[in-house]
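Working notes for the structure below.
The values are calculated or read from the model by the stated rules, or taken from the named source; none is laboratory data. Only a predicted model underlies this, so the values are computations on that prediction, with no experimental measurement involved. Positions of Cβ are backbone-derived with ideal geometry, glycine not excepted, and every protein chain shown enters the neighbour counts.
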Amino acid sequence: MFHVMPILAFTQVILDSAEWHNDAVNTIGTGTVSVGRLDTDCAGFSDSRYNNGLVVNAVGSTVYFRTAKRGNISGVPSNGGTLIASTFLTGTIENKPALVKLRDGKWYVFVTTTDGKLYKLNVTSGGIIATTGSMSQIVSIRRPGTSGCSVQDQIVASPVVQLEAESNSAYTLGEDIVMVATKHGCGSTTTNMVYAFDAADITQPPLWVFNQFGDYAMDFSENIVLDKSRNALFCVSHLTVGAFQNTLWRLNTVTGNLEWAADFNSIHSRPILGNPALGQLNHLYAVDMLGYLHAIDPETGVEDWNLHLSLVPGVYADLPVSLGEGAFAGQVLVTTTEGILYSVYDNGTLLDGGVEFLWTYKPCCSVKVKTSAAILGATGKCYVGQDDGTVHQINMATGANEKYSMAYFTVPPPATAPCAELEIYKADMRYKLVHTHWGPEGVIIQNNIPEFVESNHPDLNTWTGAIDSAWENPGNWQPNRVPTATTDVFIKCYTEITISSMATCRSMEIQPEAILTITPGFKLTVVH
C-alpha cells in the first residue's frame, strides 16, 4: 500500500528578510508583476533556469523575465531574480501580463499595449511569437459615426485566458482563448469592444467581437475578470461620476453574447469573485467611485447589499478588493486612496445589510492606488504595500500591524513611487511574496514567508532518487542525509519512493504523480 501525505496546515507566518532584490531598469511605469511556478504541475518545463519559478515584470514598453530563485552572496540578497530576457514592445504597457500554460503544454505570456496590440511571448527567450496588430484593423466595419477615426484603439485592461482544461462542461470551443477589451482611439465613451482570440494563433481573425457595431453604450474597461466556472467574463465600464451607463457587464466567453448588464455607479476597480470551494460566498465584489462596496449575485447581476466606505468620492482610482479563505472566508479587505485598509464581514444572510465592519487599519502613509492586500488565508495574515516602499504584515483577525519589510536598501524612495502588485506563490514548501516598488528608483523584491514557526527553517530534504528508490539511502536526498523528525520533506513529481524502515519526518509535501510505497511492517511518522 502507499500513502500520499497532504500539505500540512501551519499556524504562524513571519515576514522574513528579503531573499533577493533587483533594481528595475527604467522603472517609471506600471510596475506590474506576474509570478508562476512553472514546474508545480509536472508539466515537464525544460528550461532549468526557471525551475524555481518565473517573475514577469512589465515596465513602460518592456517586459522583463527573471528567475524567482533565491541567490545570496555573503548574506547580501542581491543576485536573485536574475534577468533572463527582456522584450521591447511598440506601445506602453498599462496592465498586468498573463502567464499561462496552454493546451500544447507550453508556457506563454500574453500582454497588451496602448497602441491596441495583443502580444504572445515566449517564456524561455522572451521573444515575440505573435501579435494581433492594431485592434482597429481587425474588425472589417468601423463603428458607426467614427469611420474617419485614424487613431488606433488602446488596451489598458490586462488580458485574460480561458483554458479549455479548466472550464466547465458547457465550454465547447475546443481551444484556449485569450480575451482583451479595447479603449476607443478617438475617445468614444459608448462604442468600445471586447475581443476573443484562439490563444494558439492570435494572428487569426477573432473568434468573436462584442459590441462590434456599437449596439451597446459601453465605455472602455480598465479591468476584466474571468469566471471559468461559469464561462463568464465580467467587464467594468469606465465612466466619470454622475454619468449614466451600465458599469458592469457579463459576457459568455464561448459566444461573446451579453448575459446581463447593470449600473453600480462608476467602477474603476478590479472586481473579485468569491470561490465557494475556498469557503467564500457566491458574490462578485466591486467598489465604485462614490465609495460603495457592492456584493452582487454573479448569476443575475442583482445586488444583495452595498456598504458605504469613508472614501473621497470622484477619485480616479483602482480600489482593490481581496478575499479571505478558510476561517476568514467571509472577510473582505479593501485598500483605498485615503490610505485605509478596511475589513468587513459578509455574513451571507442579508441581516443588517448583510455585512459588518470588523476593523480598519490606517498606516503612517497612504496605501497607494493599485496596491491590493495579498492574503495567506490559512495563517490569518495579509500583506499590504505602502507608498514609502514598505510591505506590512497585518493580522486579519485584529487588524494589528505585526511587522514590516523595507523595499529599499540604500536609497529612500520618492513619495510618488508606491509599492504595487503584491503576489504570493509557493516554491519548495516555502511561500514567497513578490512585489515591485516603482518610480524613478524602483526595485523588484522577493521576501521569504516561512510557513512554520521557525524563521528560515534549515532542515529541508528534497528527494532526487539519484541512486535508487530507497528512502533510507542518503544519496537519494538533497542534501545528502536521510530525513529525521526535524526535517521537512519535499518530493517532486514523477518519482517513486519505497520506505523499508520506521521512517520519520517533520512534514511532507508530495507533488502530483509521485508514488510513496510503505513496505508492510514499517511505517512513516509525520510529526506535523
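Going through (1) surrounded by fewer than 17 Cβ atoms within 10 Å (Cβ to Cβ); (2) at pLDDT below 90 one by one, N461 falls short only on (1).
Could you check region 214-231 and list, in sequence order, the residues that are free of Cβ contacts under 8 Å to residues at least 60 places away in the same chain and surrounded by 22 or more Cβ atoms within 10 Å (Cβ to Cβ)? Listed by number, the residues that qualify are M218, D219. Exactly one residue out of T349, T390 is modelled with pLDDT of 65 or more, hydroxyl-bearing (S, T, Y) and crowded, with 17+ Cβ neighbours inside 10 Å: that is T390. W359 fulfils the conditions (1) touching a Gly at 6+ places or on another chain (Cβ under 9 Å); (2) surrounded by 19 or more Cβ atoms within 10 Å (Cβ to Cβ); (3) at pLDDT 80 or above except for a single criterion, (2). Is at least one residue of region 313-321 surrounded by 16 or more Cβ atoms within 10 Å (Cβ to Cβ) and modelled with pLDDT of 85 or more? No: zero hits.
Yes/no per residue for (1) within 17 Å of H268 (Cβ to Cβ); (2) among the hydroxyl-bearing types (S, T, Y):
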position	(1), (2)
G185	no, no
T191	no, yes
I202	no, no
W208	no, no
Y216	no, yes
N223	yes, no
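Among the residues of region 255-273, is any surrounded by fewer than 22 Cβ atoms within 10 Å (Cβ to Cβ), of a type in the set (D, E) and free of Cβ contacts under 8 Å to residues at least 24 places away in the same chain? Yes, region 255-273 contains a residue that is surrounded by fewer than 22 Cβ atoms within 10 Å (Cβ to Cβ), of a type in the set (D, E) and free of Cβ contacts under 8 Å to residues at least 24 places away in the same chain. Per the conditions (1) over 25 Å from T379 (Cα atoms); (2) at pLDDT 85 or above, the sole criterion not satisfied by V489 is (1).
Would you confirm, using the coordinates I've provided, whether D115 is acidic (D, E), modelled with pLDDT of 85 or more, touching a strand residue (DSSP E or B) at 6+ places or on another chain (Cβ under 8 Å) and surrounded by fewer than 23 Cβ atoms within 10 Å (Cβ to Cβ)? For D115, the condition - acidic (D, E), modelled with pLDDT of 85 or more, touching a strand residue (DSSP E or B) at 6+ places or on another chain (Cβ under 8 Å) and surrounded by fewer than 23 Cβ atoms within 10 Å (Cβ to Cβ) - is met. Scanning region 475-525 for residues that are touching a Phe, Trp or Tyr at 6+ places or on another chain (Cβ under 9 Å), in a loop (DSSP other than H, G, I, E, B) and more than 23 Å from K426 (Cα to Cα) yields V482, S500, S501. Just a yes or no: is a residue in region 297-309 within 24 Å of Y171 (Cα to Cα), modelled with pLDDT of 90 or more and not in a loop (DSSP other than H, G, I, E, B)? No - not one qualifying residue is present in region 297-309. Identification of strands (runs of 3 or more DSSP E) wholly contained in region 147-231 with 2 or more residues that are modelled with pLDDT of 90 or more, more than 25 Å from A58 (Cβ to Cβ) and in contact with a Gly (Cβ under 6 Å, 6 or more places away or on another chain) yields 208-210.
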